Each structure stands twice: as structure tokens, then as C-alpha cells.
1. Contour minus end-to-end for Y584 and N35, with contour as 0.36 nm per residue of separation and end-to-end as the Cα-Cα distance?
2. Amide H of C245: which non-local residues (sequence gap of 5 or more, or other chain) have their own amide H closer than 5 Å, using H built in the peptide plane?
3. Compute the length gained on full extension between A633 and E478: take 0.36 nm times their separation in residues and subtract their Cα-Cα distance, giving the result in nm to one decimal.
4. Multiply the residue separation of V353 and S456 by 0.36 nm, subtract the distance between their alpha-carbon atoms, and state the gained length in nm to one decimal.
5. Given a Förster distance of 60 angstrom, what is the FRET efficiency for R539 paired with T507, based on the Cβ-Cβ distance and rounded to 0.05?
6. For Cα pairs less than 8 Å apart in space and 6+ apart in sequence, what is the mean separation divided by the residue count of region 194-319, i.e. the relative contact order in percent?
7. Longer than 32 Å from Cα to Cα, which of K356/K462; K548/K586; K519/K548; K26/K548; K278/K600 are they? Say none if no pair is.
8. What distance in nm separates the simple spin-label points at D377 and Q281, each placed 7 Å from Cα in the Cβ direction?
Amino acid sequence: FREKYNDSEDTELRFVTCQSLWNQIKSETEQIQENLNKQLFDNLVSFLRQCHSEFQEKTTEWTCRMKSREIPTAALVLGVNVTDHDLTFRSLSEVIQNNITPYIALLEAKDCPGIKNLLRKLMGQLMNCCIDVDSLEDEDYVQVSQNRIRCSMTSLINWYESVTKKTDSETRSKKRTSSSGHGQSPPVVVIFKDTESFTTKVLQDFIVISSQHIRELPLVLIFGIATSPMIIHSLLPHSVSSLLCIELFQSLSCKEHLSTIIDKLLLTTQFPFKLGEKVLQVLINIFLYHDFSVQNFIKGFQLCVVEHFYSEPLSVLCCQLADAKKRINSLSHEQCENIRRLPSFRRYVERQVSEKQIALLTADNFLKEIIQKLLEDLHVYHENYVSVLRCLHVFTSSLPKYPLGKQIRELHCACLENRVWETEEYESSLQLARMLNKSDLVTMLQQCVEIFVSSSGKEFDKTVEKLKEFLTQFQKLEAEAFQEQDVSVSSQKELQKKTDLYHLQKTLLELKESRRSKKLTKFEMLRFEVVDYIDSLVRNYLVPADHKTLHEIVYFNTASVLREHLNAAPRIALHTALNNPYCYLKSQALKSDGGSISNKAPDICIVYKLHLECGRLINLVDWLEAFSTVVMAVEGPNADAASSDQVDDVIHARFIRAVSELELLGFIKPSKQKTDHVARLTWGGC
């Protein structure tokens with residue numbers, strides 16, 4: 001970060017601002033994730049505590065379970081966003097250790113190819129759990145046990161009994177003085193992080209063995225599932241799955257999780273940093289079409305923060321409004337010139353009178369005063385934007401077919417992209433809103449009133465009054481609706497009395513004519529008025545951010561840079577690194593003219609460039625001679641002949657290593673046609 005702007009006077013301040021901002025965002029995201037998982041974790045803790053108490057109290061239900069050898073099992077469905085599962089399991093382990101039991105093991109399929117490996121991993125993790133820092137005897141005993149104990153269920157039971165007996169008195173004293181849930185016989189919780197990846201035989205053997213010792217060992221299983229709970233029955237035969245007493249737990253959908261993250265991080269005035277429409281769309285597309293990972297979305301968001309402060313010199317003002325005002329007064333002339341170069345500020349200057357244009361372009365003090373006002377306007381814009389956006393989302397999310405999207409993030413992207421009221425989706429949304437019934441319309445207005453009342457914007461007092469006035473008018477229409485209903489019933493009765501054909505036809509024609517020239521009812525007129533008022537709020541407050549002056553200071557809009565970082569092109573990067581190592585190493589000795597090969601380059605780069613000049617089959621002897629010629633270029637004709645054999649051996653070894661590295665990268669492979677040749681696998685330029 002500091003290297004690029006080493007000569008810039010505000011580099012350190014930008015770095016500190018970036019670090020402080022990201023620490024706040026990180027803390028907020030952790031709190032959001034904790035709140036989202038709280039209900040799930042509370043349910044799991046309640047389930048584990050119930051199993052725990054049943055084992056200790058020896059109730060009738062637990063006795064029945066012991067007779068049937070059922071193991072309490074929680075099927076935890078987390079979704080296909082596998083990259084987020086590690087964080088969830090770490091948090092779950094902490095919650096269980098703090099509330100239920102210190103004996104918990106997390107198992108992965110890659111560490112458990114067989115039942116022996118599973119037991120070894122299980123016992124190793126559990127014995128680490130029982131190490132008491134204050135008691136050296138327990139620590140020494142566990143260390144000796146890890147080295148000598150035989151990995152079997154009997155050994156695990158013996159260890160559990162010895163540990164619970166030793167800590168019986170300590171546990172009772174701790175239970176009186178602390179609120180932890182550890183009892184005399186805390187359960188042993190085993191978490192299978194990736195259940196789908198475990199082989200059937202490993203799971204089957206472990207469950208059958210464990211069920212036979214469930215009386216001595218209070219075992220509880222948690223299956224981490226990415227797909228469907230039915231995978232348990234697919235992996236296990238009925239004779240094994242019947243040994244499990246399964247309870248299902250469903251985590252929050254990753255899409256709902258993402259919507260909450262966007263709502264709390266972007267649709268708020270708490271953080272001054274914002275994402276542009278294209279950048280936000282790149283992150284959302286990666287989430288929707290690649291991995292569904294909320295953690296990767298947060299990492300992408302972090303990358304945007306760092307890249308913004310790294311590439312934008314004026315990001316020093318991307319902070320809270322009070323701090324920004326203090327920093328404006330200390331802006332240098334060079335920084336003022338950077339502000340004058342901003343496209344949004346140049347458009348602002350063009351709209352001013354000539355005298356003010358001259359002052360803005362020449363007087364730094366006057367410019368600083370205007371900048372303070374413009375940043376205040378930008379802050380007010382964000383406050384108003386969020387409130388009106390939420391109000392518009394109340395209307396659009398209840399419409400059929402969701403013309404502007406069901407999620408608020410979709411509506412937010414549409415508003416950032418262009419003037420949303422000029423789009424066809426918005427027009428169709430207004431047409432559908434003009435057909436809403438009274439109960440839905442009243443409910444939406446009440447929600448909008450709550451949004452504007454809780455808003456930090458100071459311009460919505462009249463808006464709240466106007467919406468409350470609409471609600472009052474809807475209430476008055478209820479009484480009038482009953483009277484109109486009575487009138488329509490009486491007119492139908494009069495029509496039924498006229499049995500004469502002439503009078504009947506005359507009456508029907510009059511009714512038809514009256515319907516053609518029928519005026520809108522009071523409810524329809526009021527409904528149109530409400531929709532038009534919401535439309536006026538949208539046109540006033542949901543102006544795209546890139547239309548606001550100085551938006552470049554707080555908005556990151558460089559989507560191409562983000563794509564380069566996140567949408568990796570490994571072949572291009574590999575070709576660039578091997579063909580032009582200076583691009584990454586930045587060493588002056590590696591600069592080469594045109595297609596020449598520098599002997600200062602790494603061996604693999606020299607070998608790679610030479611292999612580009614070959615055909616489908618490469619002769620290893622010719623390749624080695626060419627490599628030796630390039631490497632020995634600096635030696636010249638006066639090289640010491642006595643040490644030539646030793647040099648040849650070294651060069652030969654370097655060549656073999658470089659060729660092996662190319663083979664590992666997939667550029668070449670051994671040829672079956674000729675033993676002293678290799679086949680080239682890649683063609684064409686990048």
C-alpha cells in the first residue's frame with residue numbers, strides 16, 4: 001500500500017483510515033453472523049442439553065434409547081456454500097464447549113479414510129480437550145496416553161471414565177461458581193463436517209460400534225450436511241440408520257444471509273464507503289453463479305475497500321462527516337487540484353456562473369468551503385436514499401412477478417445503474433401498484449410511516465404527515481363504502497321489478513352508457529394519489545449516485561480491477577510469469593529486449609521460452625544444449641576448462657529440475673514414441 005504512494009504526503013493517513021474502516025466493518029459482519037446463527041445454535045444447545053440430562057438422570061426415555069442402542073444425532077443442514085461451513089463449525093464448537101461439554105471432536109473425510117484413522121483422530125482431539133493447564137499430572141498423563149494407548153472404543157471408554165472420575169469434585173465446585181453447562185458426565189460430541197464425503201463403510205462401522213457402547217459413553221453425533229438430510233439414508237442402510245435418533249436442524253439460507261449483510265453494510269449511513277453498481281453486481285454474480293459463499297463475498301468487499309484507498313488519492317476524505325470536515329481544512333494545493341480533476345466536480349463547475357467558476361478553479365480556501373457543503377449534501381443524500389429505497393421496496397416486493405426484483409439488493413442495483421423511473425420495470429410496477437386492494441395499500445403505508453419515522457433524515461416530517469393523511473382518508477372511505485353497497489343493491493332490485501321488455505332494454509342501455517362515462521371512485525382516486533406521491537419521492541431521492549458531486553471519494557466503481565483479482569485467469573498469469581518474469585519480480589536484471597532470453601532469469605523461465613520455439617515433440621538433448629548455451633553465455637570462451645565437468649553436472653541438474661517443474665505445471669509430458677523426447681501440451685498465445 002505504502003510503496004505506490006511513497007511520495008504522497010497523505011499515504012499514512014489513508015492507510016490508517018482504511019484499516020480503521022475495515023476493522024469496523026469486520027466487527028459488524030461478525031456480529032451479524034453471530035445474530036443470524038444464534039437461533040440455530042440455541043436449538044442445538046437445547047438438544048444437546050436434553051440428551052445430556054437424560055443420560056445423567058437415567059430417565060425412562062433414555063433407558064428405552066439404551067435398550068434400542070439409539071445414538072442422539074443432529075442432522076445440521078448448512079447448504080451448498082461449503083466454504084462458509086468452517087466458520088460455522090468453529091463458532092458452534094465454541095458455543096458447545098462454553099455451554100455443554102469440553103469433549104468435542106471435528107472430523108473431516110480426508111482425515112478418516114478408515115475406521116482406525118477415524119478413531120485415532122477422534123481420540124487425539126478428545127484427549128487434547130481434557131488437558132488441564134493448572135494440573136501438570138493430567139497433562140503428563142494425557143501425553144503418555146496419546147503415545148501408548150490403543151485406538152479402540154474400549155480405550156476411549158476407559159479414558160472417559162477415568163477423566164470424569166478425576167474431575168468429578170472439580171466439576172461440582174465449578175458448577176456452583178460458574179454458569180457453564182458441564183455436568184458430572186458431559187456428553188462426547190462428534191461433528192462430521194462433510195458427511196457426504198465420508199465412505200459408507202467408515203460411518204457404518206463407527207455407528208455400529210458406538211451403539212454397542214452407548215451405555216458407557218454418552219455419545220452425540222452432529223452430521224454437517226450440504227445437500228439434503230436424505231443423504232444419511234443414502235449413505236447408511238436401514239439397519240444402521242435405525243441406530244440413530246435423528247433430529248433435523250436447518251441453517252439460514254445463504255441468500256438471506258447475503259441480503260442481511262448487504263442491508264447492514266451498504267444500505268446504512270454507519271459506513272461512509274460505498275460500492276458502485278457494476279462492482280456490486282460483480283460480487284453478487286460471483287456469489288450466485290459460483291459458490292454461494294458469504295465469506296467470499298465479504299473478502300471481495302474487503303478487496304474493494306483496500307483497492308479504493310490504494311488507488312484513489314482523495315479517499316482520505318472517505319470517513320465520517322465530522323472527521324472529513326477537519327481534514328478538508330488541511331488539504332494541500334495538490335489535493336485541491338486532484339478534486340478539481342474529478343469528473344463529477346468538473347460537471348458541477350460547468351453549471352455555475354462564471355465568477356464562481358473562476359473562484360472554484362483558483363482559490364483553494366473557497367474550494368474547501370464548497371467541498372464541505374458538497375460532502376454534507378452527499379451525506380444527506382445517503383440518508384434520504386436509504387429511507388426512500390426501503391419504502392419503494394415495501395411496494396415492489398409485494399407485487400406479482402416482482403418487476404424490480406424481490407430482494408432489496410436487486411432494487412438497489414437498479415437504482416444505482418440509472419434513473420429507475422425511466423425503466424420499463426418501474427412503469428410496470430406502478431401499473432400493478434395502481435391495482436392494489438385497500439388492505440394491502442394500508443399495510444404498505446403503515447410500513448412506510450415506520451420507515452420514515454425511524455429514519456435519520458431530517459426532511460421526512462412532511463412526508464410522514466402526508467402518509468398519515470392518506471391513512472386517515474382510507475379509514476373515512478370505509479363508512480362510505482357500506483352506503484354505496486346499499487345503493488347498488490337497491491338499484492338491482494328496481495331492475496328486477498321491470499319485467500316489460502321495452503323498459504328492460506332501455507334500462508340496460510342506460511346502465512351501459514353510464515359505465516362508459518363512469519368516473520373513478522374515491523378509493524381509486526386516492527389510490528392513484530398515493531402511488532403518484534411515492535413516485536414523486538422516488539424521482540426526488542433515488543437519483544443514481546454517479547450523478548452526485550464528489551461521489552468518487554466514497555464510491556468504488558472500478559469493476560475491471562475487481563474482475564482481475566476475483567475472476568482468475570491462471571493460464572495468462574502463468575504465461576506472463578514464465579515469459580516475462582520482470583512483470584512480477586520487478587528486477588532490473590530481468591529486463592530483456594524483444595524475444596531475447598536473459599541468462600539472469602529463473603531456470604524454469606529459460607526452459608519455458610526455449611520450449612515455445614519447439615514443435616510437438618521436444619528432443620531433451622537439444623533442449624539441454626540450448627539451455628546450457630543460454631546459462632553459460634556470461635562465461636565466455638575463457639571459462640575454466642578444469643571445472644567444466646563440474647559445471648556441466650550443475651547445469652544438468654538445474655535443467656532436470658526446471659523440466660520437472662514444467663511437467664508438473666502441465667506444459668509437457670513424457671512421450672511413448674521416443675524415450676528421449678517429451679510431448680508439448682500447450683499451443684497458441686495468451
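1. My answer for the length gained is 193.4 nm.
2. It is I71, T73, by chain and number.
3. Roughly 46.1 nm would be gained on extension.
4. 33.7 nm
5. Efficiency, rounded to the nearest 0.05: 0.80.
6. 21 percent
7. From K356/K462; K548/K586; K519/K548; K26/K548; K278/K600, over 32 Å: K356/K462; K548/K586; K519/K548; K278/K600.
8. 2.7 nm
The values are calculated or read from the model by the stated rules, or taken from the named source; none is laboratory data. No experiment lies behind these values; they were computed from the predicted model shown. Cβ: placed from backbone, ideal geometry, glycine included. Neighbour counts: every protein chain shown. In case anyone asks, the SASA skips ligands and DNA or RNA and just uses the protein heavy atoms, side chains included. Shrake-Rupley method; radii C 1.70, N 1.55, O 1.52, S 1.80 Å.
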